[in-house]
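What follows is a short report on a single structure.
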Amino acid sequence: MYTTASLIFKTLADAGITHAFVNWGNDHPAFLEELERERVESGKTAVEIVTCPHEMVALSAAQGYAQVTGKPAAVIVHVDVGTQGLAGAVHNVDRGHTPVLIYAGAAPQAADKRIKGAKNEWPMWLQDVPDQPAIVRQYMRYTAQIQSGRNAGRMVMRALQIATSEPKGPVYLWARRETSEEEIDPSIAKETLSIEKWPAVDGSALSAPALKQIVDALLEAQFPLIITAHSGRNPKTVPLLAELSSLLAIGVYTSCPSAVCIPWTHPHYIGTSYGGKNELLDHADLLILLDVDIPWVDTKGNKPRDDAQVFVIDSDPLKTTFGWSHVDADLLCKADAEVALSQLIAAVEGPELKTRAASKLSAREARLQQIRSDWVASQESAEQVKSLAADGTTPTVPFLLASLRNIVAAQTPSQGENVLWVNEAISNYPLTWAYLRPEVPGSVLQSGGSSLGYCLGASVGAYLGGIVSDKKYDLIAAIVGDGTFLFGIPASAYWLARRNNTPFLTVVLNNGGWASPRYSMLGVYPDGLGSTASGEQLSVGFGPEAPDYSQVAVAAGGAWGKRVEKVEDLHAVLQEAVRVVLEEKRCAVVDCIIESI
């Protein structure tokens, strides 16, 4: 017997989807029966099923998987409540432009025993809501109801085609239980839809006039600056951006980055920030905004020069899903970063153009070297890398991160080159980029959004994605705050890691609460009554008896865990944690106490 569920699973497999991250419910009898049919007849299922005890962990794992493989993952959840359980991970896959297909069953409409799949359990009346997809519609690239098993395969293919076309993102399909239980003819169930006939839309190129305008401006500018954040989500852009920057002595600055856009050691990489002051805007006479959501924050005193030319190159240059977003730009180009960078390189490689701009290139190169030298020196100053925080006991975050980077490099076979950093440090984002210093395209994952709780589930998904794509990372290391650790539903995440043999290292930057709300308050009331209040007084602290987060992972998933409260213990504990992951193949969690908020 074949049902709509049979066709959905077969189509996912035909489309190249290898994993489905699932949380089953009363809307899924046909799916469970189909999986057993596949096991009986073939000895395995068409799609590998990853059981997830929590929906947000499931979608976060799917996001990490898709980010590593560059291919969509599938998530299956349960009616309206499971859709709600996806929580903030829905925001993350939207803002992170991650292709994920979400399928949710829906309560049966009928309560007639003559209809297969009709209501037969009491929760089904409660779960029959007026508009289930409205829960997530504003975050989706596409939302649709499957109304017949005969058309289910084509609905899945259309959804995947949209999810993988720029701007990439999540799609949501749903069907009532009667539909998923619909029996279909074997000839339909066994029909193969070729993914080659459902391709993603090709990346757009710069128009000829736009290309000429940008090239001419690059050759004439005194101090051109590329500001980017997300171009590195496509790892192929990283060497292209590095090459263009080298060819024309263009500075590169990352604003709120979510991926490695240029190697940290590139001589023209001259700064990064998460909404802070960018002094380079006072000097740049040409700005190219390349796949960046927030090039600067105006209220922090950031403003381009009045005479600066501003060109935007982005898959969505108007940021059409943002309520408000605007820059005063001279040119808006809806273009794919890889395609556009390749065009620009081809346009400037000839000797004639370089000769035309030779004197400017020489001056620009000298200026970039000085800016780069000053920036690196500021990170390596004694003040920044000192080991002790003001409390005289705990390590500073720069010292902790630099120590972690060096220990990982010393203990991994690739000397740190084949390490994946999964970063959700939030208030410490700028410091993670400054002191982890990633070089390799694709070596840092972030959610791309602002909903907390991504990192733990994403680390599991990234590990599975590494196996499928044959990347075989030496180590996956997650960097979280204590707040993001709790948002990540650690009991579910470490259970998932243990069940699927996906060991990773977690380092918790434990400042005793939520630093970000306090910083937000100080941004509006820098001298207000709350400016001198403790985290506990402000109700953003987790004390006085915060849990030992490492032991949560030990209890939930058999992890190794230890808390570090003194700087002199840091190196030994980090070394042992890395050894446990590499040699014992189990998760390790280091709960690092840092200066309290």
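The values are calculated or read from the model by the stated rules, or taken from the named source; none is laboratory data. The structure presented is a predicted model; accordingly, all values stated were derived computationally and were not measured. A quick note on method: Cβ atoms are made from the backbone with ideal geometry, for glycine too, and the neighbour counts reach across all protein chains shown. Accessible surface is based on the protein model in full, side chains and every heavy atom, while ligands, DNA and RNA are left aside. Shrake-Rupley method; radii C 1.70, N 1.55, O 1.52, S 1.80 Å.
Can you give the relative contact order of region 100-252 as a percent, counting alpha carbon pairs under 8 Å and 6+ residues apart? Result for region 100-252 is 23 percent. Placing +1 on the Cβ of every Lys and Arg and -1 on the Cβ of every Asp and Glu, with no other charges, gives the chain a dipole of roughly 760 debye about its Cα centre. Please name whichever of GLY117, CYS256, LEU582 sits farthest to the positive end of the charge dipole of the chain, dipole taken about the Cα centre and charges placed at Cβ: Lys and Arg +1, Asp and Glu -1. The Cα lying farthest towards the positive end belongs to GLY117.
Centre-to-centre separation between the Cα atoms of region 249-301 and those of region 340-359: 22 Å.
Only lysines eight or more places from LYS386 in sequence, or on another chain, were considered; those with a Cα closer than 18 Å are LYS566. Along the axis of the charge dipole computed for region 272-396 (Cβ charges of +1 for Lys and Arg, -1 for Asp and Glu, origin at the Cα centre), the listed residues ALA357, LEU290, GLY323 are led at the positive end by ALA357. Applying the Karplus relation 6.51 cos²θ - 1.76 cosθ + 1.60 with θ = phi - 60° to region 470-478 yields 3J(HN,Hα) values of 6, 8, 6, 4, 4, 7, 10, 10, 9 Hz, where x marks Gly and Pro. Taking a straight Cα-Cα cut-off under 18 Å and skipping sequence neighbours fewer than 8 places away in the same chain, the aspartates and glutamates within cross-link reach of LYS334 are GLU166, ASP202, ASP291, ASP293, ASP314, ASP316. Ellipsoid semi-axes for region 2-197, based on the Cα gyration tensor and the rule √(5λ), read 24, 20, 15 Å when sorted largest first. Under 19 Å of direct C-alpha separation, and excluding same-chain neighbours fewer than eight residues apart, LYS10 reaches these lysines: LYS44, LYS71, LYS190, LYS197.
Only protein atoms count toward the accessible area here, which uses a 1.4 Å probe; on the chain, the carbon and sulfur part of that area reaches 52 percent.
Among 136-147, 219-230, sorting by the average number of other beta carbon atoms lying within 10 angstrom of each residue, highest first, gives 219-230, 136-147. Where both partners of a DSSP beta bridge lie in region 2-197, what percent of those bridges are antiparallel, to the nearest 5? Bridges in region 2-197 are about 5 percent antiparallel.
With the highest mean first, a sort of the peptides 528-537, 104-113 on other beta-carbon atoms found within 10 angstrom per residue produces 104-113, 528-537. Think of region 385-593 as a dipole: +1 on every Lys or Arg Cβ, -1 on every Asp or Glu Cβ, centred on the Cα centre; then among THR506, VAL573, SER443, SER443 lies furthest on the positive end.
Summing Cβ point charges (Lys, Arg +1; Asp, Glu -1) relative to the Cα centre of region 146-262 gives a dipole of roughly 100 debye. Out of every Cα-Cα pair that region 405-464 contains, those further apart than 18 angstrom amount to 38 percent.
Each part reduced to its alpha carbon centroid, region 494-549 and region 212-234 end up 38 Å apart.
3J(HN,Hα) couplings calculated from phi for region 528-543 with the Karplus curve 6.51 cos²θ - 1.76 cosθ + 1.60 (θ = phi - 60°) are, in sequence order, x, 4, x, 5, 10, 7, 6, x, 5, 4, 7, 6, 10, x, 9, x Hz; Gly and Pro show x. Near SER427, once Lys and Arg are set to +1 and Asp and Glu to -1 for all other residues with Cβ below 13 Å from its Cβ, the sum equals -2.
Ranked from largest, the principal axis spans of the Cα set of region 208-377 equal 45, 40, 33 Å. Taking only the C-alpha atoms of the chain, Rg followed by Dmax gives 25.3, 84 Å. The HN-Hα couplings worked out from phi for region 71-82 by the Karplus form 6.51 cos²θ - 1.76 cosθ + 1.60 (θ = phi - 60°) are 10, x, 10, 10, 10, 10, 10, 10, 6, 6, 5, x Hz, whole numbers, x standing for Gly and Pro. About its Cα centre, region 2-197 has a charge dipole of approximately 380 debye under the convention of +1 per Lys or Arg Cβ and -1 per Asp or Glu Cβ, with nothing else charged.
Surface exposure of the chain, expressed per residue as accessible area with a 1.4 Å probe, stands at 41 Å².
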